[in-house]
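Heads up, the thing below is written out as structure tokens.
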Amino acid sequence: MTRMFRTAGRFRTGYDPEAVDEFFAHAREVYEGTASDPLTGRDVRQAAFDLVRGGYATGAVDAALDRLERAFIARQRSEYVASEGQQAWMEHLAEQARTLYGRLTRPDGERFAPPRRGEQGYSAAEVDALCHRMIGYFDHGQPLTSEEVRHAVFTRAKGHRAYGETAVDAFCERVVDVLLGVE
């Protein structure tokens, strides 16, 4: 049997090959138009696979998922532009960006709620630094890519020096959507 990706090795864990192969086969069918059920870039981003011993190397699968997400978003953009026009697409993205801006303009340390009592979260200072980069991108066209936001890693923190992870992750996903729409 031909494997789509290299494996992590017999004694290491990786993504379940059967689930990964099934997902990518379905994605190909959807992309080629032979499957009718919808699949979006966001669906690709949210794909998750169980870890099993001897599974596919996670880095290789994650990189392929990133490329697949870009392909689906590029197609969505092309279809939107073909039916509504480039200006409408840019206005759509601008509206998405405006919904993010309210949180970005909050003061440092107040952009997100802290983690629940006794739980760790993300370093507020590090999240705020990324938010400053987002502001620089939206206000001044400073460089920022979806990859940088998607792969941002924050130090763990507690209390008033931390933000709850769920809200930060959801916000970053929305920023990635906007950035991918422009890239």
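At a Förster distance of 35 Å, what's the computed FRET efficiency of Arg106 paired with Glu29, Cβ-Cβ distance as r, to 0.05? Once rounded, the FRET efficiency stands at 0.20.
Please give me the summed charge of the neighbours of Ala60: other residues whose Cβ is under 12 Å from its Cβ, Lys and Arg +1, Asp and Glu -1. Counting the neighbours of Ala60, the net charge comes to +1.
Each of Leu179, Val149, Gly159 was scored by the projection of its Cα onto the charge dipole of segment 140-183, and the greatest displacement toward the positive side belongs to Gly159; charges sit on the C-beta of Lys, Arg, Asp and Glu. Using the Karplus relation 6.51 cos²θ - 1.76 cosθ + 1.60 with θ = phi - 60°, the per-residue 3J(HN,Hα) values for segment 97-111 come to 5, 4, 5, 7, 5, x, 6, 5, 7, 5, x, 3, x, 10, 6 Hz, with x marking Gly and Pro. With a ≥ b ≥ c the root eigenvalues of the C-alpha gyration tensor of the chain, is it rounded (a/c under 1.5), prolate (a/b larger than b/c) or oblate? Note, shape of the chain comes out oblate.
By the helix-only formula, in which each DSSP H run with n ≥ 4 contributes -39500 (n - 2.57) and the sum is divided by residues, the chain has a 222 nm mean residue ellipticity of -19000 deg cm²/dmol.
Overall, the chain carries a charge dipole of about 720 debye about its Cα centre when +1 sits on the Cβ of Lys and Arg and -1 on the Cβ of Asp and Glu, all other atoms neutral. For segment 50-56, backbone phi angles converted through the Karplus equation (6.51, -1.76, 1.60; θ = phi - 60°) give residue-by-residue couplings of 5, 8, 9, 5, x, x, 5 Hz, Gly and Pro being listed as x. Per-residue Karplus couplings for segment 134-140, computed as 6.51 cos²θ - 1.76 cosθ + 1.60 with θ equal to phi - 60°, are listed in order as 5, 4, x, 5, 5, 8, 10 Hz, Gly and Pro entered as x. Note down the net charge around Glu29, summing +1 for each Lys or Arg and -1 for each Asp or Glu among other residues with Cβ under 13 Å from its Cβ. Value of the local net charge: -3. How charged is the neighbourhood of Ala125? Take every other residue with its Cβ under 9 Å from the Cβ of Ala125, and add Lys/Arg as +1 and Asp/Glu as -1. Local charge sum for Ala125: -2.
Scanning residues 5 or more positions from Thr13 or on other chains, those with amide H under 5 Å from its amide H are Gly54, with H placed 1.01 Å from N in the peptide plane.
Read-outs: derived from the displayed coordinates by stated rules, not from any lab. All values derive from a computational prediction rather than experimental measurement. In this analysis, Cβ positions are derived from the backbone assuming ideal geometry, glycine residues included, and neighbour counts consider all displayed protein chains.
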